[in-house]
């Protein structure tokens, strides 16, 4: 491949502002004085075609491949044009599975054992390629080579090699800077700054902590990834009792609530309450509920869905007639008002060990939650991992965060809805398709003639699905 062609291409990238200079943060958290943003290339068809031609030319040097896959999302249009030019079929990897239709992570036609070429724009650590390879391999697809536009020369090539992937880079960062300097796009000072940066800032491939796929890990293995002691204990309960069942106790009678706790206690890891709907509530109810929970080894979980300013949340949590902070090991919260909600819960009186599930998605068909809200919620959960133990959602949104627990409501043996937009999924669908770690079952158990027997049935079905998932 001629250097002149690459040099011209590098200059064109600079002209469309795909190469930026300043202070930027990479995906792996490193600050950098140079940033390659190829997302803009979709607006320049001729340049996209040139890049694809460069990749196709390099592709001739590799062994035969059956399919190509672009790392989402920037490399998808690049891989698409490569597929068109070579007539090599393309598959697409989703970052999260759909909860409708085929519900697959890998879209497109492929056969088990197909050899896939990975296409990527820029590599720093190589973690994005490895995430894509992980999902492809889980679908029976073989991966050994990746073509990338730019190798930032910061350890990614070695990390990929350590994981069985050979990286083929059209350009490395040193060459890119050389080409830009020869074209008078940058000064010697800028080149020297980038050179110094590269010598001082490396991602050590031997110590880089790549997160494992939580859907393939046993709960006992995932416990080592968490900070919150409640989260550790919950993983232990789930493992020792062999249950991922949470019963939603939407009960208005105190006596019925206690009876339910006694009946399902041996089969659950969590009991989810709405304590403010108990019509004959008395503080003594909580004492009895705590005793049952201790005896049967499950956590009490108040589904309050806190969503006010921090100080108000603190008071609602600690000072209301229900004294939630004194007995509920876990609560739910909205992320709509940001970190103040979590700070309010952290500042509350009561139990020293407490945990929060943040609400990212619901089982209601008429929810107004959008993807921006979902991603912001996950980001907040990661920032507050000392108190946030998991996410309430309907799809595997955070596969690379094994320490977070996915709580999925709307589980029912009969996958039907109700008249108020509630949607249900079978136990196996909740675990294998939606990615749920803990399934919430309400009326499927509370309305059963034999609640204990029904809870045992759900427990066994959910646990069988979990074992199928990790094996």
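The values are calculated or read from the model by the stated rules, or taken from the named source; none is laboratory data. Everything numeric in this text was worked out from a predicted model, so none of it was measured. Neighbour counts are summed over all protein chains in view; Cβ atoms, including those assigned to glycine, are modelled from backbone coordinates with ideal geometry.
Points worth noting:
- Just one residue in the set 304, 311 is touching a residue at least 12 places away in the same chain (Cβ under 8 Å), touching a helix residue (DSSP H, G or I) at 6+ places or on another chain (Cβ under 8 Å) and either within 27 Å of residue 435 (Cβ to Cβ) or in a loop (DSSP other than H, G, I, E, B) (or both); that residue is 304.
- Segment 104-149: number of residues that are without any contact (Cβ under 8 Å) to a residue 40 or more places away in the chain, closer than 27 Å to residue 175 by Cα and surrounded by fewer than 19 Cβ atoms within 10 Å (Cβ to Cβ): 1
- Residue in segment 374-387 that is farther than 22 Å from residue 316 by Cβ, in contact with a helix residue (DSSP H, G or I) (Cβ under 7 Å, 6 or more places away or on another chain) and in the same structural domain as residue 403 (by TED's automatic domain parsing) present: no
- The single condition from (1) in contact with a helix residue (DSSP H, G or I) (Cβ under 6 Å, 6 or more places away or on another chain); (2) buried (at least 19 other Cβ atoms within 10 Å of the Cβ); (3) more than 20 Å from residue 165 (Cα to Cα); (4) at pLDDT below 95 that residue 81 fails is (4).
Each row is one residue, and each column tells you yes or no for (1) closer than 23 Å to residue 81 by Cβ; (2) in contact with a helix residue (DSSP H, G or I) (Cβ under 9 Å, 6 or more places away or on another chain).
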site: 112; (1), (2): no, no
site: 124; (1), (2): no, yes
site: 127; (1), (2): no, yes
site: 130; (1), (2): no, yes
site: 138; (1), (2): no, yes
site: 143; (1), (2): yes, yes
site: 157; (1), (2): no, no
site: 162; (1), (2): no, no
site: 167; (1), (2): yes, yes
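- Extreme residue, surrounded by the fewest Cβ atoms within 10 Å (Cβ to Cβ), among residues of segment 10-25 that are part of a helix (DSSP H, G or I) and touching a strand residue (DSSP E or B) at 6+ places or on another chain (Cβ under 8 Å): 10
- Meets criteria (at pLDDT 90 or above, surrounded by fewer than 15 Cβ atoms within 10 Å (Cβ to Cβ) and not in a loop (DSSP other than H, G, I, E, B)) for residue 352: no
- Segment 9-26: number of residues that are within 15 Å of residue 150 (Cα to Cα) and without any contact (Cβ under 8 Å) to a residue 24 or more places away in the chain: 2
- Residue match in segment 195-209 (condition: under 30 Å from residue 105 (Cα atoms) and surrounded by 18 or more Cβ atoms within 10 Å (Cβ to Cβ)): yes
- One residue from 108, 156, 140 being within 22 Å of residue 396 (Cβ to Cβ) and in contact with a strand residue (DSSP E or B) (Cβ under 6 Å, 6 or more places away or on another chain): 108
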